[in-house]
Amino acid sequence: MTGTRLQGAHAEHARSAADGRTRDAVVRLLLERGPTTAATLADQLQLSGPGVRRHLDALCTEGTVATRDAPASGKRGRPARQFLLTTDGRARAGRGEHGPADLAVAALRRLGDAAGDEAVRAFARDRALAMVGAHREHVEAGADRAERVQRLATALTAEGYAASSRGATSTGGGEQLCQHHCPVADVAAEFPQLCEAEAEVFAEVLGTHVQRLATIARGDAACTTHVPAQRAQRTDTTARPSAVTTGGAPEDQGRQVV
C-alpha cells in the first residue's frame, strides 16, 4: 500500500471512529430524554442541523432509531418529527460500563492479579484452540497454503469474525488473512494476549510462520495476518505490526483497509 493510500485509509478510519462516537452520544441522549426532535438533539450535542440529521439517518437505516410525529401542539402546520430508540437501539444503549466486555475485562484482571500473566496467556490460548479446534482437521486438509488460509477464513467467519483471504502483493508473495470483525476487540484492547494466542494457533494450524500486521483492538480497520509464501522458522508468531517477518516483510504492512 502506498503512502497516499495508507494515509487515506487512516483518515477514513478516523472519520468512521468519530461518527461512531457521535452516534453513541445520540443514542445515549435519546435513552435519557425519550422521543426528541432533531433540533433539540443538535442543540444538546452542539452539532449542526444537517450534521445531526446525517447521523439520525444512519441510525434509522441500521434500525437503531425510529421516527414518529410529535404530539399535537395546537399550532398550525405539520407536526414536528421526533426520533426515538427502537428495541435494538435500547439494547445498544445498554451496552455500557457493565456490559459483557467489561465483565470479561474485570475477570481477566482478577485472573492476572491472582495467578499472573501466564494464567492470562493460558486462558487466551485455550480460547483460541477452542475457536479453531472444531475446524482444524478441515483446514489442515487443504491442498496447499492458499487453500488452507481460505479454509481458515471460512472457519473464522463461522465463528463470527467475517474473515476473508487474498494473495499478498508483496515481493515474497504469500497470503493475507483478514478478519473484518472481532467480537472481543474491546477486551483485546487491554489484553493483547488474546490476539497473540490467535496468531500462535493460526501458525500451528497452517503449518508456517505468520505475522500480525494490524488488529482491530489497536485501532485498525481489520485484523490482518500475513502468511508468507516460504515456510519460515516459527520464532515469533505474534510480531507487532511494526516488526519485520523472517523471510521478507510484506509491502502491505501497517494499518490499512482491506
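Being among the β-branched types (Val, Ile, Thr) and within 18 Å of Ala122 (Cβ to Cβ) is the filter here; which residues of region 170-215 pass it?
Val184, Val187, Val201
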Could you please let me know if Gln179 is more than 15 Å from the chain's Cα centre (by Cα), of a type outside the set (Asp, Glu) and either under 28 Å from Ala106 (Cβ atoms) or buried (at least 20 other Cβ atoms within 10 Å of the Cβ) (or both)?
-> no
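Within the group Ala168, Ala188, Ala214, which residue is within 27 Å of Asp102 (Cα to Cα) and out of contact with any helix residue (DSSP H, G or I) (no Cβ under 6 Å at 6 or more places or on another chain)?
Details: Ala168 fails: within 27 Å of Asp102 (Cα to Cα); Ala188 fails: out of contact with any helix residue (DSSP H, G or I) (no Cβ under 6 Å at 6 or more places or on another chain).
None of the other options fit; the residue is Ala214.
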Within region 20-52, how many residues turn out to be more than 18 Å from Asp88 (Cβ to Cβ) and part of a helix (DSSP H, G or I)?
-> 15
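Out of all the residues in region 149-161, which are farther than 13 Å from Thr224 by Cβ and of a type outside the set (Lys, Arg)? Lay out the reasoning, then the answer.
Keep residues of region 149-161 that are farther than 13 Å from Thr224 by Cβ, which gives 150-152, 154-155, 157-160.
Result: Gln150, Leu152, Thr154, Ala155, Thr157, Ala158, Glu159, Gly160.
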Going through (1) out of contact with any strand residue (DSSP E or B) (no Cβ under 7 Å at 6 or more places or on another chain); (2) closer than 18 Å to Val227 by Cα one by one, Ala124 fails only at (2)
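Read-outs: derived from the displayed coordinates by stated rules, not from any lab. Treat the numbers as computed from the prediction; the structure is a model and nothing was measured. Note: ideal-geometry Cβ built from the backbone for every residue, glycine included; neighbour counts use all protein chains shown.
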